[in-house]
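Okay, so here's the structure we're looking at.
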Amino acid sequence: MNSQGRGSASINIVQVVAVLLCLMVVQLECIYAASYTVGDSRGWSFNTDKWPSGKQFRAGDVLIFNYDSTLHNVVAVGRGGYNSCTSPSGAKVYNSGKDRVKLARGQNYFICNFPGHCKSGMKVAITAV
């Protein structure tokens, strides 16, 4: 009976070590995540569509959208919404003026859906690896 107790204790130690390793990996992702202010010092504004050029983004990086919330917003859209400057019903709308959005792996698209703003370049497409 003692050997069974030791065997189950060994399994518990292995499980604990596995969980701790997983937690460390998650922490490392958070430590190495970068933050980017969209539009740099200009913030989220017109002609932001070219802002990502030359930058490399990773999943978990954070985009910071700074803007006047009475004049603009940020809407997470798909490729179609980005290309057509439309936001589908149910799209995630940010409107605090100081939004922080964590990038998902793959394509991430954002627009301002105030009339005419997206068409004036107030949109951004980010590919995160």
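Coordinate-derived values only; no laboratory data. Everything numeric here is computed off the predicted structure, so don't read it as measured data. Backbone-built Cβ (ideal geometry, glycine too); neighbour counts: all protein chains shown.
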Qualifying trypsin sites (Lys or Arg not before Pro) for the stretch 27-121 [loop in DSSP, other Cβ within 10 Å: at most 15]: Lys50, Lys55, Arg58, Arg105
Amide H contacts under 5 Å for Thr37, placed H, 5+ residues apart: Ile64
Karplus 3J(HN,Hα) series, Hz, for the stretch 45-53 with 6.51 cos²θ - 1.76 cosθ + 1.60 (x for Gly, Pro): 8, 5, 6, 8, 4, 8, 3, x, 3
Per-residue HN-Hα couplings for the stretch 75-92 [Karplus 6.51, -1.76, 1.60; θ = phi - 60°; Hz; x = Gly/Pro]: 10, 7, 10, x, 4, x, x, 5, 5, 9, 6, 10, 10, x, 4, x, 5, 6
Mean Cα-pair separation over length for the stretch 32-71, i.e. relative contact order, pairs under 8 Å, 6 or more apart, %: 57
Cβ-placed point charges (K, R +1; D, E -1), dipole of the stretch 34-128 about Cα centre in debye, nearest 20: 220
Long-range HN-HN contacts of Met122 with modeled amide H, under 5 Å: Asn47, Thr48
Shape category assigned to the stretch 60-129 from the gyration tensor of Cα positions, a/c cut at 1.5: oblate
